[in-house]
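The values are calculated or read from the model by the stated rules, or taken from the named source; none is laboratory data. Not measured: the values here are computed from a predicted model. Glycine also receives a Cβ, built like all others from the backbone with ideal geometry; neighbour counts cover every protein chain displayed.
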Amino acid sequence: MSTSVRSVLICGASGFIGGRVVRALREAGLSVTTASSRTHDFTRAHAPADWVPHLAGFDAVINAVGVLRETRDRPLDALHHRAPAALFEACAQAGVSRVLQISANGVATSDTRYATSKRAADEVLMRLRAEGRLDGTVLRPSIVFGRGGASSALFMSLAKLPVLVLPAAALSARVQPVAVPDVALACLRLLQDGGPELVTAVGPQALPLSAFIGELRRQLGHGPARVIPLPDAPSRWSALVGDRLPFQPWSSESLSLLQQDNVGDAATFARLLGRAPVPLEQFVEATWRSA
């Protein structure tokens, strides 16, 4: 299914990834409209009819809505599943042929509420594509690094510590961090050229979490840190404490996600970008200081 995309509606434009996507699309000359909570309320708009009146004139829609921590005002199932599912069906009904869903790598195998709610919406979009009703792609980034990201701020804070106390179960799991400008560029390429039903967005190198933090330390001009593995029980206890502090990213869900590999095929992602992803050794400069 081929289409020329000129006008794009972006949901979640005020977020870390969504904001960078808006910038990339506007710099490429596309007309971008950012959804507002008044007309596009993800906590309430759970039927296609809630969305169809707001889709006229758009060639494409990007859903970048996502929260790691659930609160009373931000229920995960509503934000990640029910509203996106209604939006995707509405796009099919309204003739918005190209739709991008920004999900997360690892949700296919995780049983956290974050992962299962994201996966449910991903599956709706892929089903609509399989039925030939729209050209939909699910973009699943690994850990996205850059200014403004909650996880980035956490990793940068850890990188400044001479002693790292990390969950033992997370030390052997590999991550493949991707720079936020590369995620934004991937969205632009998918809008311009289309793509497969599923794209994994990853950086050029997979490495253990402690090694990633160590590389950030090196880029900040610090020497190697001492790493102390935190046993399983204290790790769970600290995560439970984090569950009660919704203003910060550490929680039981975060712990679960960090305990599994979060990697992919960098060569395939590079072909989509049309260049190599931002090298890991340039992360601080490319995605933090110059963001």
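Observations on the model:
- In the condition set (1) more than 17 Å from residue 280 (Cβ to Cβ); (2) assigned to a loop (DSSP other than H, G, I, E, B), residue 205 is compliant with all but (1).
- When residues in segment 57-101 are screened for being under 19 Å from residue 139 (Cα atoms), hydrophobic (A, V, I, L, M, F, W, C) and part of a loop (DSSP other than H, G, I, E, B), 5 of them pass.
Listed here are the residues, each with its yes/no results for (1) touching a residue at least 12 places away in the same chain (Cβ under 8 Å); (2) farther than 25 Å from residue 112 by Cβ; (3) of a type in the set (Lys, Arg).
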{"site": "189", "(1), (2), (3)": "yes, yes, yes"}
{"site": "195", "(1), (2), (3)": "yes, yes, no"}
{"site": "208", "(1), (2), (3)": "yes, no, no"}
{"site": "213", "(1), (2), (3)": "yes, no, no"}
{"site": "222", "(1), (2), (3)": "yes, yes, no"}
{"site": "226", "(1), (2), (3)": "yes, yes, yes"}
{"site": "238", "(1), (2), (3)": "yes, no, no"}
{"site": "267", "(1), (2), (3)": "no, yes, no"}
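- Filter result for residue 47 (over 24 Å from residue 198 (Cα atoms), at pLDDT 95 or above, touching a helix residue (DSSP H, G or I) at 6+ places or on another chain (Cβ under 7 Å) and of a type in the set (Gly, Ala, Ser)): yes
- Residues in segment 151-186 that are assigned to a loop (DSSP other than H, G, I, E, B) and surrounded by 23 or more Cβ atoms within 10 Å (Cβ to Cβ): 176, 177.
- Test: residue in segment 78-87 that is more than 22 Å from residue 8 (Cβ to Cβ), surrounded by fewer than 24 Cβ atoms within 10 Å (Cβ to Cβ) and not basic (Lys, Arg): yes
- Within segment 13-56, being in a helix (DSSP H, G or I), more than 20 Å from residue 81 (Cα to Cα) and in contact with a strand residue (DSSP E or B) (Cβ under 7 Å, 6 or more places away or on another chain) holds for 21, 22, 25, 26.
- Qualifying positions in segment 78-99 - under 16 Å from residue 191 (Cβ atoms) and of a type in the set (Lys, Arg): 98
- Residue in segment 136-150 that is of a type in the set (D, E, K, R), over 19 Å from residue 182 (Cβ atoms) and buried (at least 17 other Cβ atoms within 10 Å of the Cβ) present: no
- Among (1) at pLDDT below 85; (2) within 25 Å of residue 117 (Cα to Cα) - the single one residue 166 does not satisfy: (2)
- Some residue of segment 49-63 being surrounded by 15 or more Cβ atoms within 10 Å (Cβ to Cβ) and in contact (Cβ under 8 Å) with a residue 60 or more places away in the chain: yes
- Any hit, segment 10-20, residues being of a type in the set (D, E, K, R), surrounded by 13 or more Cβ atoms within 10 Å (Cβ to Cβ) and under 25 Å from residue 152 (Cα atoms): yes
- Residue 115 meets each of the listed conditions (1) crowded, with 22+ Cβ neighbours inside 10 Å; (2) of a type in the set (Gly, Ala, Ser); (3) under 16 Å from the mean Cα position of the chain (by Cα); (4) within 24 Å of residue 185 (Cβ to Cβ) apart from (4).
- The lone exception for residue 123 - which of (1) part of a helix (DSSP H, G or I); (2) surrounded by 21 or more Cβ atoms within 10 Å (Cβ to Cβ); (3) of a type in the set (D, E, K, R) it fails: (2)
- Verdict on residue 37 being exposed (fewer than 15 other Cβ atoms within 10 Å of the Cβ) and at pLDDT below 90: yes
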